[in-house]
Amino acid sequence: MNRERLGTSWLLAWRTVTSRPWRALLLCGGFGVGVGVMVVLLAVGEAMVRQASQERLVGGGQITVLPEGIDLEVLTTGGLGGLFFSVPNARFVYRQVLSNPRLADAVTVAAPQMEGKLLYLTTPDGVERAVRATGEVPSATRALGAMPVIAEGVWDDDAGDLRWTRPTVAELRHEIDRFHRPGDGLANADSWGEWHYFNVLSPDASRWAFITFLVGGDVRGERWGGQLLVTLHERGRAPRRFVTNVPREQVRFSRRDADVRIGEGSVTVLPDGRYAIRSVGREQGTGASLSLDLVVSPVPRVEFPGATLVSGDFTSGYAVPALRATATGSICVAARCDRYTDAQAYHDHNWGSWRGVTWEWGATRAGAYTLLYGRVTPEDTAGGSSPLFVYVTDERGFAALFRPRVVHYDDARVVNTAEGPLRVPATAELFDVRDADTLRLQLTIDDAVATDTRTGLAERGEGDYARGLARPWFVQMAGEAQLSGRIRGTVLSGRGRGFFETYR
């Protein structure tokens, strides 16, 4: 009887399908879609429940920023729980990317958070304990809607939170521009050098000055000192060098701030974030006296936060607190003074061990844009193997980063040196394509000077040792830059002047 009923049911179902095939197909399709949607909803619900219970995933927000290469599934299963990973240059990412005005229509609030960070605490009696630390900025977490319920007391931003998220301009300068010390175990510590560097360009672009406040040698011991170096350039003429060497007893620098004093010269960060720089010197050869008094005013947000490269015994650090700036004041030689008012200026900060190190570098304006490019090549490294970076900014700060493989030089220019004629660049070009973004930077050099780095303390930070390099000539250039390309659909275009460096 049951078999007869079952057979009848299949017969009715089959005749229903065959008599109304399109209706049956529609019903089956709808049932399949319904089942599929239910499966997806259940999977999403399960994922939400699992993630809500994960101690390594913090709450709030719609996007989580993690270090490049970190797999989220590995992170949630605890595979990386004991590693000291973090977002590199997190302050830069927060201030210049996520909180950048150009993203105001897409990013409502960004909240830096650290959950369950593994740290080791050493107690006063010398016992080391593993602890977990959690950190966040209360105001940002509150704005994100992820602030936990405070059972008692008040949890608001303290001075450290404010310095991290909203530093004053003076605090920002000191953070980026402070001095450093050689690390323990650094080979060739006597080659350590650190300096403030400024350049200033006259309104007609016919004259410019390179200004360096250098601390050189192993500052942890007694064999180190300071140097004030000002090089005055005038197109078509030989540069004039003014040098003052200062013993360590007359040098003041700090790892907490950017202020430095070297003899009668000084760099001081003013409360409004401007730099007051003063220097003196005697010209090599003639003995003519120099006196320099300038105030350099950085353009807000147009800065490079700094990075330190470490490779074996090699350490190189670089920051640009004033990628685009103006200078007002005077540079006097003997009885003649050149006065500047809101002249084009630039300031960077370098530190590291410089034995055998070469680099490619340039900083230029191009209309509304300001660009920085570079690459550092340690001693005994095959040059040209690592790509350069090109850092692009506008009035709102960081705009894009490109990584061209090489600088294409045309060494059609000739300069005279003590060893005879030397071919140096007449033009240069950098080009890169990154997805839909493109960049082409073309340089036309109209002035170049070559310095033999085998002499002691040559230009910017060389040690007092003889260098046996294949490319010992440090070439400093000035010229015009032409920018073209596209970033996120916006056309890049502009011309301007800048300064560039390479080795030959």
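Some points to look at:
Okay, residues lined up against (1) buried (at least 19 other Cβ atoms within 10 Å of the Cβ); (2) aliphatic (A, V, I, L, M); (3) touching a Pro at 6+ places or on another chain (Cβ under 9 Å):
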{"site": "Val149", "(1), (2), (3)": "no, yes, no"}
{"site": "Leu172", "(1), (2), (3)": "yes, yes, yes"}
{"site": "Gly185", "(1), (2), (3)": "no, no, no"}
{"site": "Leu201", "(1), (2), (3)": "yes, yes, no"}
{"site": "Arg207", "(1), (2), (3)": "no, no, no"}
{"site": "Gln227", "(1), (2), (3)": "yes, no, no"}
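- Some residue of the stretch 330-341 being in contact with a Cys (Cβ under 9 Å, 6 or more places away or on another chain) and surrounded by 20 or more Cβ atoms within 10 Å (Cβ to Cβ): yes
- Flag if Gly273 is outside any strand (DSSP E or B) and free of Cβ contacts under 8 Å to residues at least 60 places away in the same chain: no
- Ala238 fulfils the conditions (1) exposed (fewer than 15 other Cβ atoms within 10 Å of the Cβ); (2) assigned to a strand (DSSP E or B); (3) among the aliphatic types (A, V, I, L, M) except for a single criterion, (2).
- The lone exception for Arg166 - which of (1) closer than 30 Å to Val137 by Cα; (2) touching an Asp or Glu at 6+ places or on another chain (Cβ under 6 Å); (3) basic (Lys, Arg) it fails: (2)
- Residue among Thr417, Thr427, Thr444, Thr502 that alone is modelled with pLDDT under 90, outside the structural domain of Phe242 (by TED's automatic domain parsing) and β-branched (Val, Ile, Thr): Thr417
- Counted residues, the stretch 148-185 - those being outside any helix (DSSP H, G or I), out of contact with any strand residue (DSSP E or B) (no Cβ under 7 Å at 6 or more places or on another chain) and touching a residue at least 40 places away in the same chain (Cβ under 8 Å): 3
- Conditions (1) touching an Asp or Glu at 6+ places or on another chain (Cβ under 8 Å); (2) not assigned by TED's automatic domain parsing to the domain that holds Gly273: number failed by Gly193: (2)
The values are calculated or read from the model by the stated rules, or taken from the named source; none is laboratory data. Everything quoted here is computed from the prediction, not taken from an experiment. No Cβ is skipped: glycine too gets one built from the backbone with ideal geometry, and neighbour counts run over all protein chains shown.
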